[in-house]
Amino acid sequence: MTAWRKSSYSQSHGTSDCVELADLSWGIGVRDSKDPESLPLVVTREQLAALVVRIKNGGFAAS
């Protein structure tokens, strides 16, 4: 069974709007915690790291 993890920040704030990550043999799985039965998006570690950097730098600012 795949071990999915989500941020302790989202768990401490009582929200179910979370992104979950799993270390898969072929990449990193990314899924919406509200729909755990859906197929995950699978990315490389490098792609996930680049996404996190872009988010932290405001690359996906809310409109």
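Okay, here's what the table says:
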quantity	calculated
Relative contact order of the chain, pairs being alpha-carbon contacts under 8 Å that are 6 or more residues apart, as %	21
Viscosity 1.306 mPa s, 10 °C: Kirkwood-radius Stokes-Einstein D of the chain over Cα pairs, µm²/s	124
Förster-model FRET efficiency, 25 Å R0, residue 4 and residue 61, C-beta, rounded to 0.05	0.35
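None of the figures in this text is laboratory data; all of them are computed from the coordinates on show. These figures come from a predicted structure and were not determined experimentally. Neighbour counts are summed over all protein chains in view; Cβ atoms, including those assigned to glycine, are modelled from backbone coordinates with ideal geometry.
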